[in-house]
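Data first, discussion second: the structure below is written as structure tokens.
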Amino acid sequence: MPLLTDTALDAEVAAAIRGDRNAFARLVAATSSLVSAITLSETRDLDLAQDAAQEVYLQVWSGLGQLRQPGSFLPWLRTAARRQARRLSIHRARRAGGRDADAALEQAADAAPGPGQALLDAERAGLVRDALESLPDEARETLILYYREGHSSAQVGRLLGLSDAAVQQRL
């Protein structure tokens, strides 16, 4: 879904605050790539990022009544996405060190692709992950929104509250 204008976004937020589920669905559609980029940037794990994104929207739906200014929706959403992704990452790290470590090892040993291909895929993914991890969080979010989610630099700027020039510099 294309990015909503400020006026349209504020109107959808106001309607969602009043309990309009369709307006909230439109907000989710308009902001899902933003939330996905942030959660992926924080967790560095696609499945965990998707779980975090779902939790974010559940929290946002239940907390919309506390939002005083519709114009504060995007910053509030970005903060919620970062916090939830960090919470899930910490929770997963604690579990992996305990009794779930054996299950994680079994999943890692699944040899669906051939060993050579799996090695190449893992190496490629590791290089990309290392390159992304070496970047500051802000730059990582910008890159994911632009390259992975396919937004224009103007759209990325609007989602992150940046000027187009700042987005171009981060890219």
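The values are calculated or read from the model by the stated rules, or taken from the named source; none is laboratory data. Every value quoted in this text rests on a predicted model; they were computed, and no experiment measured them. Quick reminder, even Gly has a Cβ in these numbers, built from the backbone with ideal geometry, and neighbours come from all protein chains shown. Ligands, DNA and RNA are stripped out before the accessible areas are found, and what is left, the full protein with its side chains, is counted by its heavy atoms. Shrake-Rupley method; radii C 1.70, N 1.55, O 1.52, S 1.80 Å.
List of remarks:
- Listed conditions (1) among the small types (G, A, S); (2) at pLDDT 85 or above; (3) open to solvent by less than 50 Å² (accessible area, probe 1.4 Å) are all met by G116, apart from (2).
- For the range 66-82, a residue qualifies if it is of a type outside the set (S, T, N, Q) and assigned to a loop (DSSP other than H, G, I, E, B), and the qualifying residues are L67, R68.
- Matching residues in the range 65-75 - criterion: being within 21 Å of L160 (Cβ to Cβ) and in contact (Cβ under 8 Å) with a residue 12 or more places away in the chain: L67, P70, G71, F73, L74, P75
- Filter pass, V156 being free of Cβ contacts under 8 Å to residues at least 24 places away in the same chain, part of a helix (DSSP H, G or I) and under 21 Å from R83 (Cα atoms): yes
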